[in-house]
Amino acid sequence: MAGIARSNKTFCEFFAGIGLVREGLAGSGWSCAYANDVDPKKQQLYEGRFGAEGHFHLGDVWNTPEVLARITGRPFLATASFPCVDLSLAGHGRGFEGSHSSTFFGFVQLLEALADRRPRVVLLENVSGFVTSSGGKDFEAAARSLADLGYWLDAFMLDAGWFLPQSRPRVFVVGVRDGLDRPLAARRSPSDWIADDWTRRIEAADRRVRPPKLVDRMKAIDLATGWTAFDVPVPRRKPPHVAELIDLGDDPSWWDAAAVTKHHDMMSDRHRERVDAMVESGETFVGTIYRRKRAGATRAEVRFDGVAGCLRTPRGGSGKQIVVAVDRGVLRMRWMSAREYARLQGAPTFPLAANTIQNLFGFGDAVCVPVIQWIDEHVLSPVFAGAHEDGDAESPRAERGRQPDARTAPQDHAGGEGQEHVA
Ligand SMILES: C[S@@+](CC[C@H](N)C(=O)[O-])C[C@H]1O[C@@H](n2cnc3c(N)ncnc32)[C@H](O)[C@@H]1O
């Protein structure tokens, strides 16, 4: 048997939000078997894009019996971009003690309950603070809970800014069940991490994908299964300038002079001087602004590097991003539109809701589509293609993979043009 039937290329999307994980997987034959989220406003956006054919389950991930009853068959993949609020700077260091991010364990509880229908592959996504929150204990707890369910793990960072002009670094954890191909798997106690292929490969990788703080964390955690290392390249192509995604027409949403002056006055001297020089010289410029509290005062901080700041949910005064443009000596500003949020997340034609704030919440929380496509191309679809129909434990590959020091050859991730292999 060469592989699992194409019809089994199914996934369940937990913490589905507006569905940008699904958007990223759609192009390579993945079919969504089940999606779950607790937010009806996200559901509305999700179903506006993917239809209300009945697989979106509006319900709490902790409600295992209800979730279980809606998942038919054995999905190959389960994705979980669980809430980041307790793991990010805004979360006051609550980590998994917080009620939001700890919903991850509702996902784990569900995986456990799925038993022999447990997906062969899992994909987690979260902010980079996931690696360091609670002194690294949260990441360790998450890794251990997946390893205890039989998953071999890899973790790496990708930034949306490598694909589109939005700075959005995120950490991804991939888990593959015993029996699936695992390039360069390692199962050692931390004291044995010396000069084996896994360690060499991880340490030689591009530090943008495998930053030392992440690699050190992985090396410090001795899993019941072990760690593996997928070949995750950094794209070589240059992302577009943010100006290419911004509408510069004369629409009425540009602010009046008073609002522009107010934000001009809120800039630091350095930023204001740079902007004034461009106005004076007639130079053309497009950038973005976030308002931030600095030493008790609100500052309008301009990005001059052609990259938008990380999209966020529009909570409080600092959540919404501002567009700033200089054209033929005129300084203009306005709120970034929902359509521009969608473009910055790689979903340029996504059907928007009538309510702007609903759209901004949806896109501010979402994953960036080309990042998911990249993981799919280099990890998920190759794992699917190498999988055998006959289960986790029985295939010849599974037998080979179960040896503690098995070294399966790296899969052929020959990436073609426009990328740089790093891992
Ligand atoms: C980071 S967002 C995921 C966004 C999604 N990946 C996307 O592209 O739109 C986290 C999601 O978890 C959902 N959520 C929070 N608590 C939940 C719970 N107890 N059960 C199910 N979903 C929950 C939130 O409503 C939110 O949409």
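So which residues in the range 44-79 are assigned to a helix (DSSP H, G or I), within 23 Å of D116 (Cβ to Cβ) and among the basic types (K, R)? Before the answer, list the steps.
Filtering the range 44-79 for residues assigned to a helix (DSSP H, G or I) gives 44-50, 64-70.
So of that shortlist, the ones also within 23 Å of D116 (Cβ to Cβ) come out as 64-70.
Correct list: R70 only.
Looking at W198 and the list (1) open to solvent by 10 Å² or more (accessible area, probe 1.4 Å); (2) at pLDDT below 90; (3) part of a helix (DSSP H, G or I), which single condition is not satisfied?
It is condition (1) that W198 fails.
Residue by residue, here is whether (1) in contact with a helix residue (DSSP H, G or I) (Cβ under 8 Å, 6 or more places away or on another chain); (2) modelled with pLDDT under 95; (3) within 16 Å of the ligand (Cβ to nearest atom); (4) at positive phi holds:
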residue: G129; (1), (2), (3), (4): yes, yes, yes, no
residue: G135; (1), (2), (3), (4): no, yes, no, yes
residue: A141; (1), (2), (3), (4): yes, no, no, no
residue: R144; (1), (2), (3), (4): no, no, no, no
residue: W152; (1), (2), (3), (4): no, yes, no, no
residue: M157; (1), (2), (3), (4): yes, no, no, no
residue: P165; (1), (2), (3), (4): yes, no, no, no
residue: V173; (1), (2), (3), (4): yes, no, yes, no
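Somewhere in the range 11-25, is a residue more than 9 Å from the ligand (Cβ to nearest atom), assigned to a helix (DSSP H, G or I) and over 20 Å from L180 (Cβ atoms)? Reasoning before the result, please.
Our first condition is that a residue be more than 9 Å from the ligand (Cβ to nearest atom); within the range 11-25, this holds for 11-12, 25.
Right, trim to assigned to a helix (DSSP H, G or I) and you get 25.
Now restrict to residues that are over 20 Å from L180 (Cβ atoms): none.
Taking every residue of the range 11-25 in turn, none turns out to be more than 9 Å from the ligand (Cβ to nearest atom), assigned to a helix (DSSP H, G or I) and over 20 Å from L180 (Cβ atoms).
Quick one: which of R343, R312, R332, R274 is of a type in the set (D, E, K, R), within 16 Å of the ligand (Cβ to nearest atom), at pLDDT 95 or above and open to solvent by 20 Å² or more (accessible area, probe 1.4 Å)? Full working, then the answer.
Details: R312 fails: at pLDDT 95 or above; R332 fails: within 16 Å of the ligand (Cβ to nearest atom); R274 fails: within 16 Å of the ligand (Cβ to nearest atom).
Within the list R343, R312, R332, R274, the selection yields R343.
Quick test for you: out of E66, E23, E47, pick the one residue that is in contact with a His (Cβ under 9 Å, 6 or more places away or on another chain), at pLDDT 95 or above and either outside the structural domain of L146 (by TED's automatic domain parsing) or open to solvent by 10 Å² or more (accessible area, probe 1.4 Å) (or both).
Values: E23 fails: in contact with a His (Cβ under 9 Å, 6 or more places away or on another chain); E47 fails: in contact with a His (Cβ under 9 Å, 6 or more places away or on another chain).
After applying the criteria, what remains is E66.
If I go through the range 314-359 residue by residue, how many of them are of a type in the set (A, V, I, L, M) and in contact with a strand residue (DSSP E or B) (Cβ under 9 Å, 6 or more places away or on another chain)?
Narrowing the range 314-359 to residues of a type in the set (A, V, I, L, M): 322-326, 330-331, 333, 336, 338, 342, 344, 347, 352-354, 357.
Then keep just the ones that are in contact with a strand residue (DSSP E or B) (Cβ under 9 Å, 6 or more places away or on another chain); that gives 322-326, 331, 333, 336, 344.
The number of residues fulfilling the criteria is 9.
Which residues, taken from the range 26-43, are crowded, with 19+ Cβ neighbours inside 10 Å and in a helix (DSSP H, G or I)?
The first filter runs over the range 26-43 and keeps only residues crowded, with 19+ Cβ neighbours inside 10 Å, leaving 30, 32-37, 42-43.
If the condition is that a residue be crowded, with 19+ Cβ neighbours inside 10 Å and in a helix (DSSP H, G or I), then K42, Q43 are the ones that fit.
Can you tell me which residue in the range 69-93 is least open to solvent (accessible area, probe 1.4 Å), limited to those that are away from the ligand (no atom under 13 Å from the Cβ) and of a type in the set (V, I, T)?
Ranking the qualifying residues of the range 69-93, first place goes to I71.
Residues that are over 21 Å from S268 (Cβ atoms), hydrophobic (A, V, I, L, M, F, W, C) and touching a residue at least 60 places away in the same chain (Cβ under 8 Å): list the helices (runs of 4 or more DSSP H) wholly contained in the range 292-375 that include at least 3 such residues. Lay out the reasoning, then the answer.
Working: elements: 338-344, 356-364, 369-375.
It comes to 369-375.
State the number of residues belonging to the range 101-129 that are in a helix (DSSP H, G or I), under 19 Å from W152 (Cα atoms) and open to solvent by less than 40 Å² (accessible area, probe 1.4 Å).
Looking only at that region, the number is 6.
I need the full set of residues from the range 226-258 which are open to solvent by 10 Å² or more (accessible area, probe 1.4 Å) and more than 28 Å from I289 (Cβ to Cβ), in order please.
Scanning the range 226-258 gives D231, R236.
The values are calculated or read from the model by the stated rules, or taken from the named source; none is laboratory data. Worth saying up front: this structure is predicted, and the values here are computed from it rather than measured. Don't worry about glycine lacking a Cβ; one is built from the backbone with ideal geometry, like all the others, and counts go over all protein chains shown. Areas reflect the complete protein model, heavy atoms only, side chains present, ligands, DNA and RNA absent. Shrake-Rupley method; radii C 1.70, N 1.55, O 1.52, S 1.80 Å.
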